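The values are calculated or read from the model by the stated rules, or taken from the named source; none is laboratory data. Every value quoted in this text rests on a predicted model; they were computed, and no experiment measured them. Cβ placement follows ideal geometry from the backbone for every residue including glycine, while neighbour counts extend to all protein chains displayed.
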Amino acid sequence: MAKLKIGDVVEIKTAKGLAYAQYAHKHKQYGALLRLFGDFYDVRPNSFTELVNHKPTFMCFFPLNTAVSRGIVSIVDNAALSADAQIFPVFRAGVTDPSTRKVGVWWLWNGEKEWRVGDLNAEQRKFPIRGVWNDTLLIERIESGWTPETDLTT
């Protein structure tokens, strides 16, 4: 298997068609950060240059090496990261209260430092949610049109 490279374009098979992501960063603890794009395709596009310059629908950490080696996803191209994508994003994180299924206190994290914010403002609700997803959750969220701002824990 070839070594993964930042900028790799990842093809994900879903029940709604092919979906695409771009490998944007590697974090020492959480691994590969994917930028997911919400469109579905019946056939693989000839070029991904335009696609990867769109704003991602969401971002998540994903065990990309394992998924590629097991044939769960495929690397189909490599494209330069847009200027925005080169900056490591700020994530939000919190502990869900089992009785309410909501997060009471949110924290923000920039890949190195974490700070408490309590409630989220409208802009912070758009931040990706920190955590590593498996392929089942990734595909479920792609197919459902999930976004961080529509997540039910907020």
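Assorted remarks:
- Test: Arg125 is modelled with pLDDT under 95 and out of contact with any strand residue (DSSP E or B) (no Cβ under 6 Å at 6 or more places or on another chain): yes
- Residue count, the range 92-111 (criterion: under 18 Å from the mean Cα position of the chain (by Cα) and assigned to a strand (DSSP E or B)): 5
- Restricting the range 67-91 to residues that are of a type in the set (S, T, N, Q) and assigned to a loop (DSSP other than H, G, I, E, B), the residue that is modelled with the lowest pLDDT: Ser82
- In the range 117-137, the residues that are among the polar types (S, T, N, Q), more than 11 Å from Cys60 (Cβ to Cβ) and surrounded by fewer than 16 Cβ atoms within 10 Å (Cβ to Cβ): Asn121, Thr136
- In the range 85-108, the residues that are closer than 14 Å to Leu33 by Cα and surrounded by fewer than 17 Cβ atoms within 10 Å (Cβ to Cβ): Gln86, Ile87, Phe88, Val90
- Here is the figure for the range 37-66: residues that are within 25 Å of Phe127 (Cβ to Cβ), among the β-branched types (Val, Ile, Thr) and modelled with pLDDT under 95 total 0.
- Selection of the range 24-41 for residues being outside any strand (DSSP E or B) and touching a residue at least 24 places away in the same chain (Cβ under 8 Å) yields only Tyr30.
- There is no residue in the range 86-96 that is small (Gly, Ala, Ser), farther than 17 Å from Pro128 by Cβ, touching a residue at least 40 places away in the same chain (Cβ under 8 Å) and in contact with a Gly (Cβ under 8 Å, 6 or more places away or on another chain).
- The set of residues in the range 22-52 that are of a type in the set (S, T, N, Q) and surrounded by fewer than 15 Cβ atoms within 10 Å (Cβ to Cβ) comprises Gln29, Asn46, Ser47, Thr49.
- Checked against (1) surrounded by fewer than 15 Cβ atoms within 10 Å (Cβ to Cβ); (2) touching a residue at least 12 places away in the same chain (Cβ under 8 Å); (3) among the small types (Gly, Ala, Ser), Gly111 passes all but a single condition, namely (1).
- If you go through the range 41-59 and keep only what is more than 19 Å from Glu143 (Cα to Cα) and of a type in the set (Ser, Thr, Tyr), you end up with Ser47, Thr49.
- Residue check for Arg44: in a loop (DSSP other than H, G, I, E, B) and not acidic (Asp, Glu): yes
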